[in-house]
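Below is one structure, written out as structure tokens; the observations come after it.
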């Protein structure tokens with residue numbers, strides 16, 4: 001099956017994710033902060049708010065998934081997102097994040113709709129919209145990331161969401177954009 005974007009063919013099983021992108025300059029600032037904390041995934045994951053975590057599925061299911069996501073986008077409207085301040089999932093998970101202060105409810109509704117139909121799946125943890133700034137790093141680095149993220153603030157419109165794929169080089173790449181009605 002071709003990659004759909006003129007790229008190499010998809011493998012038989014693909015790993016996808018669905019997210020709201022954080023635009024530049026804010027996305028670049030968070031990605032730079034991640035890299036500065038020594039997060040090895042900093043440059044391989046575009047800055048985002050997850051709607052569907054990494055999910056493996058047969059490549060032949062992609063047309064049905066794309067149809068589903070187009071229907072989800074058509075059922076939602078653009079909204080404003082405000083990212084402000086820091087949070088953490090510690091001690092449950094070694095993650096520091098920027099909080100979604102405005103737009104969190106819209107993300108919850110979107111996530112529920114995305115994670116239905118052909119993308120229905122159970123989650124390991126309850127859904128909590130956030131933007132990761134450090135993950136899986138030593139406690140002192142997570143503490144520093146938390147302190148630095150406390151002053152972060154960004155506000156921007158959200159016109160839609162992205163379907164991304166995890167490629168063989170272990171980099172997440174946006175593949176399709178879905179715009180709200």
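The values are calculated or read from the model by the stated rules, or taken from the named source; none is laboratory data. Note that the structure is predicted; figures quoted are calculated from it, not measured. With ideal geometry, Cβ positions are generated from the backbone for all residues, glycine too; neighbour counts draw on all protein chains shown.
Of all residues in the range 47-64, those being surrounded by 14 or more Cβ atoms within 10 Å (Cβ to Cβ) and out of contact with any strand residue (DSSP E or B) (no Cβ under 6 Å at 6 or more places or on another chain) number 5.
When 82, 69, 163 are checked against the criterion of being surrounded by 18 or more Cβ atoms within 10 Å (Cβ to Cβ), at pLDDT 95 or above and within 27 Å of residue 29 (Cα to Cα), 163 stands alone in meeting it. Looking at 118, 126, just one residue is surrounded by fewer than 18 Cβ atoms within 10 Å (Cβ to Cβ) and free of Cβ contacts under 8 Å to residues at least 12 places away in the same chain, and that residue is 126. Criterion applied to 100, 114, 96, 131 was being in contact with a helix residue (DSSP H, G or I) (Cβ under 8 Å, 6 or more places away or on another chain), more than 21 Å from residue 34 (Cβ to Cβ) and modelled with pLDDT of 95 or more, and the one residue passing it is 114.
So residue 49 clears everything in (1) out of contact with any helix residue (DSSP H, G or I) (no Cβ under 9 Å at 6 or more places or on another chain); (2) in contact (Cβ under 8 Å) with a residue 60 or more places away in the chain except one condition, right? Which one? Unmet for residue 49, out of (1) out of contact with any helix residue (DSSP H, G or I) (no Cβ under 9 Å at 6 or more places or on another chain); (2) in contact (Cβ under 8 Å) with a residue 60 or more places away in the chain: (1). What are the residues in the range 27-44 that are closer than 23 Å to residue 127 by Cα and either surrounded by 19 or more Cβ atoms within 10 Å (Cβ to Cβ) or at pLDDT below 95 (or both), if any? Within the range 27-44, 30, 31, 34, 39, 41, 42, 44 meet the criteria. In the range 135-153 there is no residue that is under 16 Å from the mean Cα position of the chain (by Cα), surrounded by 12 or more Cβ atoms within 10 Å (Cβ to Cβ) and farther than 16 Å from residue 53 by Cβ.
Among the residues of the range 52-70, those identified as more than 23 Å from residue 170 (Cβ to Cβ) and either assigned to a strand (DSSP E or B) or without any contact (Cβ under 8 Å) to a residue 40 or more places away in the chain (or both) are 63, 67.
Quick check: anything in the range 20-42 assigned to a strand (DSSP E or B) and under 28 Å from residue 142 (Cβ atoms)? Yes - at least one qualifying residue is present in the range 20-42. Residues that are surrounded by fewer than 24 Cβ atoms within 10 Å (Cβ to Cβ) and farther than 13 Å from residue 79 by Cα within the range 92-110 comprise 92, 93, 94, 95, 99, listed in sequence order.
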